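**Q** Okay, handing you the structure first.
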Amino acid sequence: MIQMTAEAAQATRTQPVVEMSGVSVSFPGVKALQSVGLTLRAGEVHALMGENGAGKSTLIKALTGVYSIDEGTIIVGGEPRTFHSPAESQAAGISTVYQEVNLCTNLTVAENMLLGREPRSLGRIDTRAMNRRAGETLARLGLDIDPKSQLGRHPIAIQQLVAIARAVDIDAELLILDEPTSSLDADEVAKLFEVMRTLRAEGVAIVFVSHFLEQVFEISDRMTVLRNGQFVGEYVTAETTQLQLVQAMIGRELETLEKIEQEADEHTVKTQGAPLIEVIDLGRKGSVEAVDLKVFEGEVIGIAGLLGSGRTELARLLFGADTPDHGDMRMRSKVTKLRTPRQAIDHKIAFSSENRRSEGVIEDLSIADNMVLAMQASRGWLRPIPARTKDRLVKKYIEALDIRPANPNALMRNLSGGNQQKVLLARWLITEPELLILDEPTRGIDIGAKAQIQQLVANLAKDGMSVVFISAELEEVLRLSDRLVVMRDRRKIDERANQDVTVSDVLEIIAGEVRNDA
Amino acid sequence: MTTVIAPPESPANSPAPRPSRGFTFPARFLPVIATVVLFFAMFGAGSIRYEGFSSPQTILSVLVDNSFLIVLAVGMTFVILTGGIDLSVGSVVALSAMIAASALRSGWSAPLVVVAVLLTGSVLGLLMGLVIHYFEIQPFIVTLAGMFLARGLCYVISVDSIPIKNETFTSFASGTIEIGDYFITPSVIVALVVLVIAAIVLHMTRFGRTVYAVGGSEQSALLMGLAVARTKIGVYVISGFCSALAGLLYAIYTLSGYSLTAVGMELDAIAAVVIGGTLLTGGSGFVLGSAVGVLVLGLIQSFISFDGTLSSWWTKITIGVLLLVFVLIQRLFTRRTV
């Protein structure tokens, strides 16, 4: 490690490693960044904050040369630079770990760490030296990973750490970590932070993007907040409170959430007479054990449970995506068998899957085309939707759900996660379902969109739609639901009216079951 | 906004199943090993069934008769490893043989002809690679166009078969290299040299590793700052070069150039690569596997000629069945690892 004198360290600290100012980037139909600035200093961890779709990833990709900028300047090490490819920015000492692991799973760990920089002797790659160097870097980061093993055989968390090890090996002046912790557990996060502190002490400038506020406050020295592609402000972490940060990021949405909660409390459901849908002893081997459940008209059923507790599996049974082995289903007292999703749709049931990317969004189609997919499917392909009806519906839902950009022809791939989710909801709402099953509708989207989606669910229930709401975020489930179903180990373990139930109550129900098991 | 219950990452991820140290290679080599086993099983079966089959000369003859296909399959392996495909190679073989035959007939010297042919093939590959990369057009379409172009150019040169009478070529064709009681031809040496160079390039150079990286994930390779453009274009140049070289070997093998030769040979090359264990989606496979794939195809023909009663279409049927079986094996194999 190079030991810098105090003055030298001070001197490098005064001149920013990277200074971006007035940077604008636009995609077809979307202005992703408008005149944004970012100043990064050596030996500092700089958090880049904002909701999803605020422009964080775009800003990073503009800096690293993945996207070209329309306006603005990027000054690196005192000189204005324009990077045309990641290779160029890498050569200038900027190393990036992207949100999704961008490595080659078909190669070994060592190859992934050193691709493009392999140690060579006589023009040939020295595999032994490569494995040794990779091993040393991994050891320095305290990671116990065999450099010779194939990357694809490791879980995502390990792959993420390998990506970071690759970035560290470059000896970068600037290390960009775009949501590096989203797939790491607490120990791994601690390990990563240790690595980050080491690098910071060595004078590396680090950009840290994360949704976890606690982590940001723990590790960062400064923060830049973006909102809707615009610069909100730069803050010194030590002088900022979490509340101030959240307000800078989202502004008005806090009030919305409080209002939803109040409305949901006032919302009452008639649980007399025949329920909209009733399942008795419904189950499927290896998926969910016998579940009894009633859903009344206009009722929001919240399903809480750990991952793998069977919440998604239950939703799939209700929608006919999986066929039950046993049990009955009644809709409005009539025995109904749902063998395929198509039959469920015909019975006015809609299901929004938790896997937005792989099971919902079609990225290369426009907002309008994505919206009318389910409706078109239920009409049959031989009866196209009249253009005027389609335009009217699409316009209505873009406005109702506040989808941005409000351009029906914008491609789905250019939308943020939250807006994609809204389009998916619109897709199902167009079919006018009586029962809407939402599996993790708010996962991975920003607080603003979360609030809007929750508001929407509350409004739909008020208008008489029944909703099954599944989420890992207990606050959400408790805020919205009239009745709460708790699942564990593929069984329903509790059901109660959602009155004065708190997060810790639910946790206790789940934990209590654990104790009973033990 | 605290997520109280299990964060969305699946708990299945947390107990990291670290693979045992040291012995991680078999999975990657499995398809190649399967091909080698198949080859020797076929050889064993033939030896039991037919008299004289068990001689090492059987295998050497397969090499002699298929040296051009090995060269072709090596080039094809580079392309397929990046996730591409090159349909033009059969036509380029014919074109190369045509160019060689007609240039020799008009009195060009042999070395000049060799250089000209290799250059033509490489330039054709370069052009296709440039179109594929910079216009982002599917390799299938671009090389299909290249296939028609090269085939058409053959007819422009001559519609009739042109014999080769150049002494350098004829002596190369009739030359044999004795190994004890057995023999091979100089073409086999050329093919084996190409194979070894290809293996070294793929496994010991940055270019080679980038080929695998691009095949694994082009997007990742780009974000890692690798020379994706150069690599993607490079593999088509290599394939073009190999096609031209195979064309020369083919011209020497047949001592003529004819527009209608090597029709469908690109498919033989693809079949050999796939049977050799290379994934058509890219990123996984070895040139050695492709060479063994060629030997398997060749051995099927030996079966038929030894049997004497089987018709030659059994070659096609067997190749079809083998291809299907190997693709299915690969499918199961990749499903398990992903």
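**Q** Can you tell which of B:Met76, B:Met147, B:Met128 is closer than 26 Å to B:Leu297 by Cβ, surrounded by fewer than 23 Cβ atoms within 10 Å (Cβ to Cβ) and modelled with pLDDT of 95 or more?
**A** Among B:Met76, B:Met147, B:Met128, only B:Met147 is closer than 26 Å to B:Leu297 by Cβ, surrounded by fewer than 23 Cβ atoms within 10 Å (Cβ to Cβ) and modelled with pLDDT of 95 or more.
**Q** A further question on this structure: Looking at B:Val287, B:Val296, B:Val193, which is the one that is open to solvent by 40 Å² or more (accessible area, probe 1.4 Å) and more than 14 Å from chain A (Cβ to nearest Cβ)?
**A** Checking each option against the conditions leaves just B:Val193.
**Q** Now, a different point. With the structure loaded, tell me whether A:Ala410 is modelled with pLDDT under 90, among the aliphatic types (A, V, I, L, M), in contact with a strand residue (DSSP E or B) (Cβ under 7 Å, 6 or more places away or on another chain) and under 30 Å from A:Thr58 (Cα atoms) or whether it fails that test.
**A** Here the answer is yes, as A:Ala410 does meet what is asked.
**Q** Scanning for something in a helix (DSSP H, G or I) and within 18 Å of the chain's Cα centre (by Cα), does the stretch B:214-223 turn up at least one residue?
**A** yes
**Q** Would the stretch B:105-116 turn up any residue that is in contact (Cβ under 8 Å) with a residue 60 or more places away in the chain and open to solvent by less than 20 Å² (accessible area, probe 1.4 Å)?
**A** Scanning the stretch B:105-116 turns up no residue that is in contact (Cβ under 8 Å) with a residue 60 or more places away in the chain and open to solvent by less than 20 Å² (accessible area, probe 1.4 Å).
**Q** Do we have A:Glu289 as acidic (Asp, Glu), in a helix (DSSP H, G or I) and either without any contact (Cβ under 8 Å) to a residue 12 or more places away in the chain or farther than 30 Å from A:Asp178 by Cα (or both) here?
**A** In short, no.
Conditions tested, residue by residue: (1) more than 10 Å from every other protein chain (Cβ to nearest Cβ); (2) without any contact (Cβ under 8 Å) to a residue 24 or more places away in the chain; (3) more than 25 Å from B:Arg28 (Cβ to Cβ).
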residue	(1), (2), (3)
A:Asp146	no, no, no
A:Val168	yes, no, yes
A:Ile176	yes, no, yes
A:Pro180	yes, no, yes
A:Ala205	yes, no, yes
A:Leu213	no, no, yes
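**Q** Moving on. Can you work out which of the residues in the stretch A:400-448 that are within 14 Å of chain B (Cβ to nearest Cβ), more than 25 Å from A:Leu314 (Cβ to Cβ) and part of a helix (DSSP H, G or I) is nearest to the chain's Cα centre (by Cα)?
**A** A:Gly418
**Q** Ok, one more. Out of the stretch B:224-261, which residues are open to solvent by 10 Å² or more (accessible area, probe 1.4 Å), touching a residue at least 24 places away in the same chain (Cβ under 8 Å) and not in a helix (DSSP H, G or I)?
**A** B:Leu255, B:Ser256, B:Tyr258, B:Leu260, B:Thr261
**Q** Can you tell me which residue is most open to solvent (accessible area, probe 1.4 Å) among those in the stretch A:11-25 that are outside any loop (DSSP other than H, G, I, E, B) and at pLDDT 85 or above?
**A** A:Glu19
For (1) farther than 23 Å from A:Val209 by Cβ; (2) assigned by TED's automatic domain parsing to the domain that holds A:Met375; (3) at pLDDT 85 or above; (4) among the aliphatic types (A, V, I, L, M), each residue gets a yes or a no:
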{"position": "A:Asp446", "(1), (2), (3), (4)": "no, no, no, no"}
{"position": "A:Ala451", "(1), (2), (3), (4)": "no, no, no, yes"}
{"position": "A:Ala458", "(1), (2), (3), (4)": "yes, no, yes, yes"}
{"position": "A:Ser466", "(1), (2), (3), (4)": "yes, no, yes, no"}
{"position": "A:Phe469", "(1), (2), (3), (4)": "yes, no, yes, no"}
{"position": "A:Leu474", "(1), (2), (3), (4)": "yes, no, no, yes"}
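**Q** State which residue is nearest to B:Leu288 (Cα to Cα) when the search covers only the stretch B:35-48 and only residues that are without any contact (Cβ under 8 Å) to a residue 12 or more places away in the chain and of a type outside the set (S, T, N, Q).
**A** Among those that are without any contact (Cβ under 8 Å) to a residue 12 or more places away in the chain and of a type outside the set (S, T, N, Q), it is B:Val37.
**Q** Could you list, in sequence order, all residues of the stretch A:348-372 that are under 20 Å from A:Asp322 (Cα atoms) and of a type in the set (Ser, Thr, Tyr)?
**A** A:Ser352, A:Ser353, A:Ser358
**Q** List the strands (runs of 3 or more DSSP E) that sit entirely inside the stretch A:40-110 and contain at least 3 residues that are open to solvent by 10 Å² or more (accessible area, probe 1.4 Å).
**A** Output list reads A:71-76.
**Q** Suppose we keep only residues that are under 23 Å from B:Ile200 (Cβ atoms) and among the aliphatic types (A, V, I, L, M) within the stretch A:121-154. Which one would you say is most open to solvent (accessible area, probe 1.4 Å)?
**A** By that ranking, first place goes to A:Leu122.
**Q** Among helices (runs of 4 or more DSSP H) lying entirely in the stretch A:315-388, which contain 1 or more residues that are surrounded by 19 or more Cβ atoms within 10 Å (Cβ to Cβ) and of a type outside the set (A, V, I, L, M, F, W, C)?
**A** A:356-359, A:367-379
**Q** Can you spot a residue in the stretch B:144-156 that is closer than 19 Å to B:Phe78 by Cβ and within 14 Å of another protein chain (Cβ to nearest Cβ)?
**A** No, every residue in the stretch B:144-156 fails to be closer than 19 Å to B:Phe78 by Cβ and within 14 Å of another protein chain (Cβ to nearest Cβ).
**Q** Could you say which residue among B:Leu202, B:Leu223 is within 14 Å of chain A (Cβ to nearest Cβ) and farther than 30 Å from A:Leu63 by Cα?
**A** B:Leu202
**Q** Only residues that are under 15 Å from A:Gly93 (Cα atoms) and within 11 Å of chain B (Cβ to nearest Cβ): list them for the stretch A:148-166, please.
**A** Listed by number, the list holds a single entry, A:Arg166.
The values are calculated or read from the model by the stated rules, or taken from the named source; none is laboratory data. Here the structure is a predicted model, which means the values were calculated and not measured. Don't worry about glycine lacking a Cβ; one is built from the backbone with ideal geometry, like all the others, and counts go over all protein chains shown. Quick note on the areas: whole protein, heavy atoms, side chains included, nothing else; ligands and nucleic acids left out. Shrake-Rupley method; radii C 1.70, N 1.55, O 1.52, S 1.80 Å.
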